[in-house]
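The values are calculated or read from the model by the stated rules, or taken from the named source; none is laboratory data. Just so it is clear, the structure is predicted and the values come from calculations on it, not from any experiment. No Cβ is skipped: glycine too gets one built from the backbone with ideal geometry, and neighbour counts run over all protein chains shown.
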Amino acid sequence: MLKPLAFLLATATLTTARYALTLSPTLYTGPVTADYLTPSLDQSDLDAPKLSDVNASTFDWWTFDAIALENPNISVAVTFSTAGPVGYPLTFPPNVSHIEPVPGNGTGGYEADGALWAHVWATFADGRRFRASVRVETARMSGSGDSSIAIWHGGGGWMGSEEGYEVELEVNRTESGNGLEPLRLLGRISYEKITPSHSHCSVPNNFSMALGLGEHGLGWVNVMPDAIASVDLDVNGTRLRFDGYGSHDKIWSSRPFTQSTKSLTRGRAHLGLHSISWLSYTPQNPSSGPESPNANTFVSSFVARDGEPVTAGCADGSVSIQPTREQTEGGLVSGYRVEIPGARISVATDVEESEAGGRHVRWNGRARGRVGDADEEGVAIFERFEY
């Protein structure tokens, strides 16, 4: 299924690639440095690996997600990562695969020196949930300008261009053995980009090249805040097919995530003609600074209309995320109220999926609120890490 990506990767390697890399399948045993500045806003530079290598305490991950427009109970998220087991927030095998009741799962033995992983989460219209992680033996990346190509062999990959992304899954384990059960994840997620990229303190028409969140060693860039998404996947024999909206961002650090992070919440919504995203990050050991409730929390927000940024920034206290419970005709609905410059929206937590003892939670559901001067409705997908 990934032959087109492999062909393009080989072609880029031989011609105009700015970089062409083979990522190590095993963990490095020495110190690692991280890059929190991008030389340009080219997609290839934003997607490029940001670590000098990967050891047991570091991580570099690329996430793509999508939520159905007609039924926000339906969603998918895919993370390709290169990471070690110390302080990494996503679950490794053997406790990683869970599906109910789609036949089969991908539970398998954990190999402590593995550095390459593919993670998949999916929710279905009837309430079923799926998640799985797969160890990948080799990975290659290539990039030039707005072209970004990656293959996690045996897991999937992506091809990015000025127009958007094609993400493919290629997991087809047909037999049991060595602690592994059969697992089938095949298909494609296509994205047509709506908005330009956004970083922590970017403002409309001025992209910030600084990708770090404070001085605490966490990097983040919202490579594609919003896109039209078309999903067609085979999840262990169950077809997951829908149209909706999606996004792609990237997070990395040279420090263990769980030891350096108190909380990280990031989300995205599409309401009417508007694209909205938000982030709130509180480090575990904040530096000294002004005595204010928000002095040690780093935030970012982004609002676009018809693909054009309207408001964006990172002012202290400019992002508020509060749990809510609202009585509706259908009953009591739990969710969150998100307030950012230019938007006040309520997001229902219609579907919840948690792992790591509830320290990592993903939600998707309906969204409504006021964006600019308009009352809008739509869908949202977001997640929280909390320690």
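List of remarks:
- Residue check, Asn205 more than 27 Å from Glu386 (Cβ to Cβ), at pLDDT below 95 and out of contact with any Asp or Glu (no Cβ under 8 Å at 6 or more places or on another chain): yes
- Scanning the range 130-147 for residues that are in a strand (DSSP E or B), more than 20 Å from the chain's Cα centre (by Cα) and under 24 Å from Thr91 (Cα atoms) yields a single hit, Thr138.
- Cβ-Cβ distances below 6 Å connect the following pairs, each with a first residue in the range 35-55 that is in a loop (DSSP other than H, G, I, E, B), a second residue that is at pLDDT 95 or above and among the basic types (Lys, Arg), and a separation of six or more residues or different chains: Asp35/Lys50.
- Arg344 vs. criteria over 25 Å from Ala125 (Cβ atoms) and in a strand (DSSP E or B): yes
- Checking each residue in the range 172-194 for being over 16 Å from the mean Cα position of the chain (by Cα) and β-branched (Val, Ile, Thr) picks out Thr174, Ile194.
- Scanning the range 369-384 for residues that are part of a strand (DSSP E or B) and more than 24 Å from Asp126 (Cβ to Cβ) yields Gly369, Arg370, Val371, Ala374, Asp375, Glu376, Arg384.
- Flag if Pro196 is assigned to a strand (DSSP E or B) and either of a type in the set (A, V, I, L, M) or farther than 20 Å from Gly155 by Cα (or both): no
- Restricting the range 77-97 to residues that are surrounded by fewer than 22 Cβ atoms within 10 Å (Cβ to Cβ) and either within 21 Å of Gly365 (Cα to Cα) or touching an Asp or Glu at 6+ places or on another chain (Cβ under 7 Å) (or both), the residue that is modelled with the highest pLDDT: Thr79
- Selection within the range 317-376: residues that are within 19 Å of the chain's Cα centre (by Cα) and among the acidic types (Asp, Glu). The member of this set that is surrounded by the fewest Cβ atoms within 10 Å (Cβ to Cβ) is Glu352.
- Among (1) in a helix (DSSP H, G or I); (2) touching a residue at least 12 places away in the same chain (Cβ under 8 Å) - the single one Ala315 does not satisfy: (1)
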